[in-house]
Amino acid sequence: MARCRACPTKLFQLPTMKKFLKRILLIITLALALCIGAVALIAVFFQERIAQALTRSINSQLNAELTIGNFEMGIFRSFPDLSANFEEVALQPDQGPELLRAREAAFRIDLMSLLGPSIRVEAITISDGSLNLLTDQRGRSNYDILKAEGEGSPQGGAGEGSSLLIALEQARFENIELRYTNRQRLQAVRAKIEEGVLSGAFSTRQFELASKAKLFCQIVEQDEVAYLPDTEIAYEAIIAVNLEEGTYEMKKVEVDIAGNTFRLDGAVEEWETGTYYDLYATSEDGSLAGVLALLPAPYARKMAGIESTGRFAFNSIIKGQSNASQSPEIRVEFSLDEGQLSHEQLARPLRDVSFQAKLTNGKYRDNSSSVFTLEGFKGYFNRELIEMEASVSNFDAPEIGFNLNGVLPLETAYSLLGNPKITGGDGEVEVKNISIKGKLADMMAPSRMSRVEASGTLEFDDAALTVGEETLLLDRGELAIAGNKLFINGLRLEGAGSDIAFEGSVFNALPVLLADSLNSKGAQLEFEAKLTARSLDIDRLLAFSALTPEEEAEPEPLRDSLAREQLQGRESLTNLLKGTFDARIEAFNYQKIEGEDFMGKLGIANGVMSVEGTANAFAGKLFLNGQTFFENEPRLEARIELQQISVEQLFEQTGNFGQDVLTHRNLSGQLEAKLAVYAFWDSTGHFLMDRLSAIAGIGITNGELKDLDMLEDFSSYVDIRDLRRIRFTDMQNYLEIRDQRLFLPAMFIRSNALNLTVSGEHSFEQDISYFLKVNAGQVLADRFRRHDPNLAPRPAKQRGWFNLYFSILGNLEDYNISSDKRRVQADFELGEVRKKDIRRALEREFGQVQLIEEPDAWRDVNDNGRPGSQDDDYLDFEIGGGR
């Protein structure tokens, strides 16, 4: 009975208990919801006070001041935590430069800690900013900002008396510019952290640090040596950290540099006497590019782009203590077997490559005992074997050993010359036992090159290079090295319309090749050689140094920049050269100018190229002495003497000096001249016409002027047949070019048509001012004589009643002829002064210059440069003429 009575009781109590539990659960849920809601309300309605409390709490624990521009709190995106976002954040240490500036710093806060005495920060994300870490010469760091335990006096929080507890488990960085500088250890890093994460129980003394990051390294500096320039780096690491013992054990560390992955094992320990390293780095699937990227920046940049395939092995060790007095042992070994080396500058890869390389810091574990060796290097260029050995010891004062032997097919190797204008190659250069041994400092200083051992030969076998549309062929010859001397034996260059042979010797080739950008050692390539040419096409050879058609088509600012860079390169090159060529050239041409049998010297020194010699040209003889100054704004000084030159050929081959009024079809005769020219260019290579100047003394014999349209305006006074062919006797005068004008002092011309004196100016814009004096007595007398078909010149004497004076003013397209005695005589007087100035200047350049004077009876200006005393008869009337 009892059991039966109990059963209903239990059946009755079971649903009551369930209902009770549900209520309890509901109450708890509501309570939690109320708490969360309360916290959310606090976050919404009291976020400004919370921001102030957080800021005060952070500042109370730091030897720095945190400032923010704006603050925002949220719960739903970070639930069950609270997010606090600071905007326009800056962290300024009490000493030193600003540590941090960021667009946003987002904190993840334990939600329930807002109700307790301490606000617990578990994670932080810093984005879009800069992080500046600095350690000064005394070892003080601007990032050492945490106050010692018990030093801080936190105050204020969500409510009075609350404090901030930083218990970070994760720190994230996004788009942060990193600048690290340690002036005590001469270290610096400049990088951009694209994304990075640090996680671990940072609030404990022993934890596992997990980290991964992707960054772009701009530069790393150690002891003022730069590394890893513009390099992509990524890593993933797990490190066991024991802050109590100061140990860091590499559990799993992989670093990717330039696409090559290195695995790092071992440990780092902080001792009282320094830092102890026991680290090993290996790479199983790497390439040579990854190792070359670790070299100092100047070498890494030069070797950038080298790629390898094949069995590549890399091992390194860093073991020992590092402090102010000692360094750890460093040993690096890498090798390639059955591999291939390629580069964008190689038309084809170097195949079947094998080598072993070793680097160690040696017995004393410093630069003085460091040694790098490259052994057993061999490979094949187009089935042609090339072998090499190299070594560098004592990095403080490097001693170098280098050996090279083999064949370089230019079809593959032409791009190694580093000139983008060279677009192809053919033939071979045979390298025979090139050997160099000595100290780098001796190799760079010409005065100490005698201490360097150097030998070997380069032989050319139909070696050809394609430059633009031209092909230059070294069909034979050799360069033989003997110490500091390089012998040029039977070297023949063909191509671009030229056939040139070289013989001679060169000094300081190695110091010039190794010279720094400032040439601080003053190295110059000194040479003494013979140049023999069957033909020399100056135009086509100069085209090699001109801008390419593609460069000429660039917009003007870029084109000028390219031209300026090219001129600067030419200036730098010529400053490295010093020597002379004894030159014999059978035939040469420049534009339309053709010459032959040049004999003389071509020299260059201190950026000045000089040419001195004689040649046959224009059916006569040419003597040349000139200098070209390769400066930022190049200039030319030339002294030219012409003997028995054909005026017709001179005008024709020079393009009639750029004008079409008086051309080679109008002139004939023999020319004697002495000419000094001064020409200038700007820094982009543009010829400065306004700065061109020249002085000349000229004489023409057996001259003839034919079919010059301008003279037909005088046909009313002179037989038109005489005007169409004017034959004149010896004529000589002085000329000057300056300010874009040709100045012609008064000059007497005795011809079959008439005797006259002429002076004037002619601008490069074809503006003219000519002044003439004509023997009118002879002209009138000739009207009664029959035409002389022999075109005999008129006597040079005053046998008339009067002289006529004319001015021709205007432009060649529109000019007027009028009579004007006073103006003509004034210009003659001015011309006499100019003539004497030109003559004195020419005598400074050439010595004595002979001048044919006009007859005394014709002078309007006496020896003092003033008008004569006798006043000629003068008729003042206009001549119908002009345009």
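Here is how the numbers come out for the structure above:
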{"item": "Cut-off 15 Å between beta-carbons: net charge of the residues surrounding Ala501, Lys and Arg +1, Asp and Glu -1", "result": "-2"}
{"item": "Segment Gln591-Gln187, extension gain: residue separation times 0.36 nm, minus the distance between their alpha carbons", "result": "139.5 nm"}
{"item": "FRET E, pair Glu637, Asn816, Förster distance 51 Å, beta-carbon r, rounded to 0.05", "result": "0.80"}
{"item": "Residues Asp223, Asp265 arranged by fewest to most Cβ contacts within 10 Å", "result": "Asp223, Asp265"}
{"item": "Modelled FRET efficiency - R0 45 Å, Gln568 with Arg179, Cβ distances, 0.05 increments", "result": "0.85"}
{"item": "Simple spin-label estimate for Ser693 and Arg140 in nanometres, 7 Å along Cα-Cβ", "result": "6.4 nm"}
{"item": "Contour minus Cα-Cα distance for Lys212 and Asp682 (0.36 nm per residue)", "result": "163.7 nm"}
{"item": "Ranking of Phe581, Phe828 by count of other Cβ atoms within 10 Å, fewest first", "result": "Phe581, Phe828"}
{"item": "Burial ranking of peptide ranges 84-95, 362-373 (average Cβ count within 10 Å, highest at the top)", "result": "84-95, 362-373"}
{"item": "Sites matching GluC sites (Glu not before Pro) across the range 177-270 that sit in DSSP coil, with at most 12 neighbouring C-beta atoms within 10 Å", "result": "Glu224, Glu244, Glu245"}
{"item": "Those trypsin sites (Lys or Arg not before Pro) in the range 203-257 that DSSP places in a loop and that have at most 11 other beta carbons within 10 Å", "result": "Arg205"}
{"item": "Simple spin-label estimate for Lys252 and Asp265 in nanometres, 7 Å along Cα-Cβ", "result": "1.5 nm"}
{"item": "Contact order relative to length of the range 209-392, as percent, for alpha carbon pairs under 8 angstrom and 6 or more apart", "result": "12 percent"}
{"item": "Label-point separation in nm, Arg823 to Leu417, each point 7 Å along Cα→Cβ", "result": "6.1 nm"}
{"item": "Met449, Met388 arranged by Cβ crowding within 10 Å, fewest neighbours leading", "result": "Met388, Met449"}
{"item": "FRET efficiency, Asp462 to Ala482 (Cβ-Cβ, R0 41 Å, nearest 0.05)", "result": "0.95"}
{"item": "Distance-filtered residues of the range 399-422 - backbone nitrogen under 14 Å, label point 7 angstrom along Lys437 Cα→Cβ", "result": "399-404"}
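Read-outs throughout are calculated quantities, based only on the coordinates presented, and are distinct from any laboratory measurement. Note that the coordinates shown come from a computational prediction; the quantities given were computed from them, not determined experimentally. A quick note on method: Cβ atoms are made from the backbone with ideal geometry, for glycine too, and the neighbour counts reach across all protein chains shown.
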